[in-house]
Amino acid sequence: MNLTLKIWRQDGPNDKGRLETYPVTEISDDMSFLEMIDVLNDQLVRDGKDPIAFDHDCREGICGMCSMFINGRAHGPQTGTTTCQLHMRAFNDGDTIYIEPWRAGAFPVIKDLVVDRSSFDRIIQAGGYVSVNTSGNTQDANAIPIPKEDADKAFDAATCIGCGACVATCKNSSAMLFTSAKLSQLALLPQGDPERTQRALKMVEQMDKEGFGNCSNTGACEVECPKGISLENIARMNREFMRASVVNDK
Amino acid sequence: MAVLDSKIPKGPLKDKWVDYKDHINLVNPANKRHIDVIVVGTGLAGSSAAASLAEMGYNVKAFCFQDSPRRAHSIAAQGGINAAKNYQNDGDSTYRLFYDTIKGGDYRSREANVYRLAEVSANIIDQCVAQGVPFARDYGGLLDNRSFGGVQVSRTFYAKGQTGQQLLLGAYSALSRQIARGKVTMYNRHEMLDVVVIDGKCRGIIARNLVTGEIERHGGHAVVLCSGGYGNVFYLSTNAMGSNVSAAWKAHKKGAYMANPCFTQIHPTCIPVSGSYQSKLTLMSESLRNDGRIWVPRKLEDAKAIREGKKTPEDLKEEDRDYYLERRYPSFGNLVPRDVASRAAKERCDEGFGVNATGEAVYLDFADAFNRYGHLEANIQGIENPSEAEILKLGKEVVKSKYGNLFQMYEKITDNNPYETPMMIYPAVHYTMGGIWVDYNLMTTVPGLYAAGEANFSDHGANRLGASALMQGLADGYFVLPYTIGDYLSDDIRTGTISTDHPAFAEAEKEVVDRIEHFFSNKGTVPVDDFHRRLGLIMWNNCGMARNETNLKKAIDDIRELRKEFWEKVKVPGNSKQFNPELDKAGRVADFIELGELMCLDALERKESCGGHFREEMQTPEGEALRDDENYTFVSAWEYTGDPGNSKLHKENLDFEFVELKQRSYK
């Protein structure tokens with residue numbers, strides 16, 4: 001198929017940026033979306049032009065690196081799919097496709113479609129862990145049984161890949177789905193209990209400090225999340241935060 | 001030839017590690033504060049090592065080329081992690097895990113290292129659970145296990161099909177805690193471009209900031225490489241796009257020997273190549289072979305008709321199908337080890353029985369499983385005289401609950417529904433058992449330079465068992481390296497900060513800069529990927545699932561030609577002082593080309609077949625791998641001498657004190 005691509009080009013965080021038009025031809029249905037961009041870049045390099053910068057790595061939907069806003073939707077038209085798992089059969093011959101970076105104040109553009117998501121790392125650093133040192137002498141893994149239902153819920157929350165689609169989709173650029181996924185995982189497990197109060201306060205504080213917005217319960221993040229992280233986690237985070245604010249005596 | 005000192009402690013196998021730990025030198029807590037350790041790579045080995053070393057009090061600098069340490073390719077591991085916990089009461093033990101790993105590796109690994117791996121395996125599970133890693137549990141709230149290929153017990157711990165993700169996020173959270181404490185300084189989007197050796201000791205690295213293009217010098221008392229495997233030398237593999245050999249190769253050029261580089265694992269069940277534009281291959285977990293049956297048509301005319309789209313697999317009657325693994329290996333059937341299953345698929349396709357347009361695919365069929373589970377489920381639900389349709393429906397639901405995410409992944413990529421028609425699969429490059437040579441301490445042949453995880457060669461011999469890569473990465477990072485590195489660093493407590501003004505830093509930096517600038521001054525015209533694809537084809541056709549002397553010699557010539565052309569004609573746009581992914585790729589491909597030649601040389605020199613290394617000249621009359629224990633029970637460790645083709649071979653003899661060498665048989 002032949003397509004017209006309208007791609008966001010931006011030299012750096014201080015450049016204003018603009019959409020540029022690129023025709024691509026003879027695209028196969030079986031190509032992934034990123035392979036289609038590879039074809040375009042190959043041509044740009046041969047023509048002595050600057051190829052499109054975009055983040056990608058595992059190309060199987062788990063590393064969370066790819067991050068394109070395609071025709072106004074994070075990771076494109078399909079749900080439960082990362083950009084690298086999107087295939088060109090989802091488009092038709094003659095289509096015009098708009099490709100933009102994640103847009104959020106806390107995700108400054110590095111170049112073209114590449115953004116800086118280190119704010120996510122800093123949220124985890126604020127408390128997204130259990131403070132246990134490496135030791136050959138932690139207790140046996142089966143010493144604390146965990147109800148299957150809790151373990152499964154914790155697992156579901158823990159499958160967040162940290163791609164940032166939730167932030168890019170949210171009209172408030174809120175990172176609450178991301179933050180609440182980690183907070184929920186640890187709130188649902190006994191291992192997370194000792195640090196429960198400080199974790200909730202600190203992670204939320206960091207989230208605000210990074211410039212992410214608040215949640216207004218639209219639910220778009222849940223719809224666009226490639227891993228289907230549930231909105232329930234935000235409710236749990238709100239409870240955790242409320243509880244922590246009341247019991248905190250520091 | 002020089003003798004390599006593996007530093008294996010004396011004494012009985014089961015006491016070696018404990019005794020050794022009791023007697024090595026320590027660094028006291030106050031002195032640790034004055035010692036800097038550099039960790040390159042943040043996968044399972046790197047994250048766990050960096051976090052553990054920082055907890056102990058060392059100052060750690062960690063580097064990854066991705067935008068966050070959480071994205072290292074360990075994240076993509078699916079099936080699980082082995083540990084000798086014996087929670088299932090099925091007779092598992094440290095010794096059994098050790099023995100299975102030695103045998104699975106076709107007797108080409110070190111007994112002492114493998115025993116230690118098995119010994120610390122149980123600690124890994126305890127540590128991860130303490131961190132909050134959500135492993136699968138049964139209804140009693142205790143940890144669940146599943147079974148993997150090549151073993152007769154259930155010792156694999158898992159978190160659905162995302163075990164690697166959960167383990168890596170656990171290590172990443174431990175790392176994040178140390179970053180917050182200021183004990184780890186994290187350098188995201190940085191690539192290591194050289195190691196710096198001063199007075200015979202590794203004292204730092206040269207790195208490039210991939211965002212600004214700035215070249216940086218970083219000093220440290222020791223450097224730990226956890227930079228993963230080199231499967232991307234084949235261009236198409238299940239590795240991530242960015243996975244590369246550069247850190248390891250730079251270390252090799254500075255004196256670290258490369259061990260058994262030709263030992264690569266071709267995984268039997270991957271989604272086949274569909275076109276020349278393809279950038280990577282996707283794995284379908286080994287667990288599918290528990291319930292799927294592998295077959296091709298029995299008659300050549302049927303295979304041809306299927307390739308031409310004139311017949312479908314459903315058109316073929318039972319007697320017209322060849323379940324070739326069950327036919328050749330009745331006792332292990334579809335669950336033979338990876339190397340055996342891969343070679344058998346290639347054999348059928350080479351004979352013309354392949355079932356997709358390219359002729360390189362076989363069927364993985366779940367129809368029997370639907371039927372079997374459907375009947376069971378009907379009994380459980382008390383449905384009397386269920387119809388065929390009812391059974392099929394129930395069976396599909398059971399299979400979905402077991403493998404749903406894999407079936408969905410398959411459908412997304414191929415646009416075929418595996419509940420309705422068999423999957424098509426073909427072997428693909430997955431893992432590299434070879435890597436940087438290390439001694440028992442995980443130290444390379446350069447003092448102060450260590451290698452851990454897939455980057456080293458130490459534990460898997462010539463073939464790795466499923467669910468053992470995660471185990472090894474975390475064993476090295478949590479429980480081995482943090483102890484052994486102290487023995488070396490105890491000599492460094494009075495050294496003081498390593499100055500980056502030393503001429504060795506300046507020299508290494510100049511080499512790096514000169515090489516980068518060449519890419520912009522050569523007036524080339526051909527994109528980097530072109531060369532990478534061509535290298536991949538040479539490697540796959542000559543140093544892949546089957547190897548022979550003629551082809552390997554030809555491949556070496558072809559690669560040398562390609563290397564020459566690469567440096568003349570490669571085109572890198574832009575400049576070196578900017579975010580420039582094409583430049584990053586060019587540097588990596590340059591190193592892959594050199595490594596490829598060494599792999600072929602290694603494969604040529606090892607005139608036996610073992611594990612994943614199959615020399616066509618050395619096989620049994622039935623076409624199985626034929627080892628030569630008399631002449632090849634050693635590790636090939638290659639020393640760089642200025643050109644990969646002239647590398648010098650050193651041999652570390654493998655002494656089997658505790659295990660008897662046998663020919664593997666799965667019939």
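A short reminder: the numbers here are calculations on the coordinates, not readings from a lab. None of the values given here were measured: they were computed from a predicted structure. Here Cβ is always computed from backbone atoms with ideal geometry, including for glycine, and neighbour counts include all displayed protein chains.
In a simple Cβ point-charge model (Lys, Arg +1; Asp, Glu -1; nothing else charged), the protein assembly as shown has a dipole of about 1540 debye relative to its Cα centre.
Can you tell me, using C-alpha contacts under 8 Å and at least 6 residues apart, the relative contact order of region B:228-373 as a whole percent?
Working: 178 pairs, mean separation 36.1, N = 146.
So the answer I get is 25 percent.
Per residue, the convex hull around the alpha carbon atoms of the protein assembly as shown comes to 169 Å³. Lysine pairs in region B:14-105 whose alpha-carbon atoms fall under 30 angstrom of each other, counting only those eight or more residues apart or on distinct chains, come to 11. Computed from backbone phi, the HN-Hα couplings of region B:588-597 come to 5, 5, 4, 6, 4, 4, 5, 4, x, 5 Hz, rounded to whole numbers (Karplus: 6.51 cos²θ - 1.76 cosθ + 1.60, θ = phi - 60°; Gly and Pro given as x). Amide hydrogen proximity for B:His650: with H placed 1.01 Å from N in the peptide plane, the residues at 5 or more positions away or on another chain lying under 5 Å are B:Ala637, B:Trp638, B:Glu639.
Here the mean projected area of the convex hull built on the C-alpha positions of region B:427-491 is 4.6 nm². Sorting B:Val18, B:Val133, B:Val273, A:Val130 from the fewest to the most surrounding beta carbons within 10 angstrom yields B:Val18, B:Val273, A:Val130, B:Val133.
At a 10 Å Cβ-Cβ cut-off, how would you order B:Thr282, B:Thr358, fewest neighbours first? Don't jump to the answer; show the numbers that get you there.
On the way: B:Thr282 20, B:Thr358 14.
Going from least to most buried by this count: B:Thr358, B:Thr282.
Taking the square roots of 5 times each eigenvalue of the Cα gyration tensor of region B:378-496, largest first, gives ellipsoid semi-axes of 51, 17, 11 Å.
For B:Arg321, the residues whose modelled amide H falls within less than 5 Å of its own, excluding neighbours fewer than 5 places apart on the same chain, are B:Arg298.
Extending 7 Å from Cα along the Cβ direction at B:Glu622 and again at B:Ile24 yields two label points whose distance is 4.3 nm.
Calculate the FRET efficiency for B:Asn646 and B:Leu300 from the Cβ-Cβ distance with a Förster distance of 51 Å, rounded to the nearest 0.05.
Working: r = 46 Å, r/R0 = 0.91.
Given R0 = 51 Å and the Cβ-Cβ separation, E is 0.65.
Once you have the Cα-Cα distance between B:Gln152 and B:Asp514, take 0.36 nm times their residue separation minus that, and quote the gain in nm to one decimal.
Numbers: separation 362, 0.36 × 362 = 130.32 nm, distance 5.46 nm.
Extra length from B:Gln152 to B:Asp514 when fully extended: 124.9 nm.
By the count of other C-beta atoms within 10 Å, a proxy for reagent exposure, A:Asp47, B:Asp36 are ordered fewest to most as A:Asp47, B:Asp36. Between A:Ser245 and B:Asp320, the modelled labels are 7.0 nm apart [label points 7 Å from Cα along Cα→Cβ].
Between B:Arg494 and A:Asn14, take the C-beta separation as r, use R0 = 60 Å, and let me know the FRET efficiency to the nearest 0.05. Write down the numbers at each step before the final one.
Values: r = 47 Å, r/R0 = 0.78.
E between B:Arg494 and A:Asn14, to the nearest 0.05, is 0.80.
The label-point distance for B:Gln381 and B:Leu562, in a model that sets each label 7 Å from Cα toward Cβ, rounds to 5.3 nm. Straight-line cross-link partners of B:Lys183 among the aspartates and glutamates, defined as a Cα under 13 Å from its Cα and at least 8 positions apart when in the same chain: B:Asp36, B:Glu55. Close Lys pairs in chain A (alpha-carbon distance under 25 Å; sequence gap of 8 or more, or different chains): 26.
Between A:Thr96 and B:Glu390, what's the calculated FRET efficiency when r is the beta-carbon distance and R0 is 60 Å? Round to 0.05. The calculated FRET efficiency here is 0.80. One equal scatterer on each Cα of chain B, no solvent, Debye formula: the resulting log10 I(q)/I(0) at q = 0.06, 0.08 Å⁻¹ is -0.33, -0.59.
Length gained on full extension, B:Lys569 to B:Glu397: 56.4 nm, using 0.36 nm per residue less the C-alpha separation. The DSSP beta bridges internal to chain B are antiparallel in roughly 70% of cases.
Backbone amide hydrogens, once placed in the peptide plane, bring B:Ala451 within less than 5 Å of B:Leu225, B:Thr444, excluding anything fewer than 5 places away on its chain. Across region B:215-227, rounded Karplus estimates of 3J(HN,Hα) from the backbone phi angles (6.51 cos²θ - 1.76 cosθ + 1.60, θ = phi - 60°) give 8, 10, 10, 10, x, x, 7, 8, 10, 10, 8, 10, 9 Hz, Gly and Pro being marked x.
Report for the protein assembly as shown the percent antiparallel among DSSP-assigned beta bridges with both residues inside it, nearest 5.
For the protein assembly as shown, the DSSP antiparallel bridge percentage is about 70.
Shown in residue order for region B:419-434 are the 3J(HN,Hα) couplings computed by the Karplus curve 6.51 cos²θ - 1.76 cosθ + 1.60 at θ = phi - 60°: 7, 9, 9, x, 5, 10, 9, 7, x, 8, 4, 10, 8, 10, 6, x Hz (x for Gly and Pro).
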